[in-house]
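Enquirer: Pasting in a structure now, in structure tokens, and then I'll have a few things to ask.
We did not get these values from a lab; they are worked out from the coordinates using the rules stated. Note that the structure is predicted; figures quoted are calculated from it, not measured. For neighbour counting, all protein chains shown are included, and Cβ atoms are generated from backbone atoms with ideal geometry for every residue, glycine included.
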């Protein structure tokens, strides 16, 4: 139980770091988006004013927009987010991971209220299992319906 508490404290620290960057959120991230994504497995994604959340049965990730770049038409955006994640290791709690991440990606409109995104996700994971700990780079892609 103490190991899980330590991991959750590290995750809370990662979310706090992301929240501290909130004043620099890009102005064009208004509205709500809901969709499906492959990030830490297949799951549900939601976005509200620059804060993105990914959830599935084994993982949670929360990212906040720290920089946004748009093309002249506003149909494509490059962005940098900062956040944290937690992944359940299954039956062996030593394989649980919590960490910080810095997604860098592209978002583009498919239809007026439908957007797709793709991102590279450099991260640093903390774990009780040395093989699960350390720096890594993951990827993510998904679609969101904008409201």
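Enquirer: When only residues in segment 127-138 that are loosely packed, with under 14 Cβ neighbours inside 10 Å and touching a strand residue (DSSP E or B) at 6+ places or on another chain (Cβ under 6 Å) count, which is nearest to residue 103 (Cα to Cα)?
Expert: Among residues in segment 127-138 that are loosely packed, with under 14 Cβ neighbours inside 10 Å and touching a strand residue (DSSP E or B) at 6+ places or on another chain (Cβ under 6 Å), the one nearest to residue 103 (Cα to Cα) is 137.
Enquirer: Say whether the condition of being touching a helix residue (DSSP H, G or I) at 6+ places or on another chain (Cβ under 8 Å) and on the phi < 0 side of the Ramachandran plot is met by at least one residue in segment 35-42. Break it down into steps so the answer makes sense when it comes.
Expert: Here is the first cut: in segment 35-42, the ones touching a helix residue (DSSP H, G or I) at 6+ places or on another chain (Cβ under 8 Å) are none.
No, because not a single residue in segment 35-42 is touching a helix residue (DSSP H, G or I) at 6+ places or on another chain (Cβ under 8 Å) and on the phi < 0 side of the Ramachandran plot.
Enquirer: Here is a list: 80, 118. Which entry is within 23 Å of residue 34 (Cα to Cα), free of Cβ contacts under 8 Å to residues at least 60 places away in the same chain and surrounded by fewer than 15 Cβ atoms within 10 Å (Cβ to Cβ)? Walk me through it before giving the result.
Expert: Values: 80 fails: surrounded by fewer than 15 Cβ atoms within 10 Å (Cβ to Cβ).
Step by step, each of 80, 118 is checked, and only 118 is within 23 Å of residue 34 (Cα to Cα), free of Cβ contacts under 8 Å to residues at least 60 places away in the same chain and surrounded by fewer than 15 Cβ atoms within 10 Å (Cβ to Cβ).
Enquirer: Which of the residues belonging to segment 94-115 are in contact (Cβ under 8 Å) with a residue 40 or more places away in the chain and surrounded by 15 or more Cβ atoms within 10 Å (Cβ to Cβ)? Even if it seems obvious, please write down each step before you answer.
Expert: Of segment 94-115, the ones in contact (Cβ under 8 Å) with a residue 40 or more places away in the chain are 94, 96-101, 103, 115.
Correct list: 96, 97, 98, 99, 100, 101, 103, 115.
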